[in-house]
Amino acid sequence: MPVIARAVVFSGAVTLLIALSISDPGATQTGRFMRGDRVREIVATPASGPTRQGMVVMVVAVPGDRVTVNGSQLLVNDQVVEGFSSELVAMVVHSNRLPEKMTQDQYLVMGEYAVADDSVVLKWGTYSSAKLEPAAVSGK
């Protein structure tokens with residue numbers, strides 16, 4: 001089964017990502033986070049400044065996963081990553097920073113988020129578990 005992510009919009013600008021994770025009999029998920037988990041980057045906040053939070057993104061690959069590109073498709077453990085915009089996937093597949101295999105404590109995350117001015121913020125990257133925290137998203 002491929003990775004599938006769906007964006008659901010609440011109250012105009014808040015986007016909730018819902019995912020089904022990849023199933024690969026040869027891969028195990030033994031880290032802090034699992035494929036499909038919603039996480040956010042831990043952002044350093046100065047004591048005198050306002051509290052800042054990183055953008056909510058989804059874990060797409062976990063330690064030990066194989067990451068490959070086939071044309072314009074991103075694959076994790078030979079399964080196509082779906083549900084993200086073609087713009088975000090293109091950013092990832094054309095990057096020279098995309099690892100071929102996720103190392104110990106390395107997570108590939110992706111996310112997109114509509115903001116108030118009708119633009120979309122695209123984010124992806126590889127992070128250690130120390131730089132990520134679980135993200136709680138409310139649908140109120």
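The values are calculated or read from the model by the stated rules, or taken from the named source; none is laboratory data. In this text the structure is predicted, and so the values were computed from the model without any measurement. In this analysis, Cβ positions are derived from the backbone assuming ideal geometry, glycine residues included, and neighbour counts consider all displayed protein chains.
Among residues belonging to the stretch 41-79 that are within 15 Å of the chain's Cα centre (by Cα) and among the acidic types (Asp, Glu), point out the one that is modelled with the lowest pLDDT.
Taking the candidates together, the pick is GLU41.
In the stretch 86-109, of all residues being free of Cβ contacts under 8 Å to residues at least 60 places away in the same chain and part of a strand (DSSP E or B), the one that is surrounded by the fewest Cβ atoms within 10 Å (Cβ to Cβ) corresponds to LYS101. Checked against (1) of a type outside the set (Gly, Ala, Ser); (2) loosely packed, with under 15 Cβ neighbours inside 10 Å; (3) in contact with a strand residue (DSSP E or B) (Cβ under 9 Å, 6 or more places away or on another chain), ARG66 passes all but condition (2). Within the stretch 84-105, the set of residues being under 17 Å from GLY36 (Cα atoms) and touching a helix residue (DSSP H, G or I) at 6+ places or on another chain (Cβ under 9 Å) comprises PHE84, ASP105.
On the basis of being out of contact with any His (no Cβ under 6 Å at 6 or more places or on another chain), surrounded by 13 or more Cβ atoms within 10 Å (Cβ to Cβ), at pLDDT 90 or above and under 19 Å from LYS131 (Cβ atoms), does GLU112 make the cut? For GLU112, the condition - out of contact with any His (no Cβ under 6 Å at 6 or more places or on another chain), surrounded by 13 or more Cβ atoms within 10 Å (Cβ to Cβ), at pLDDT 90 or above and under 19 Å from LYS131 (Cβ atoms) - is not met.
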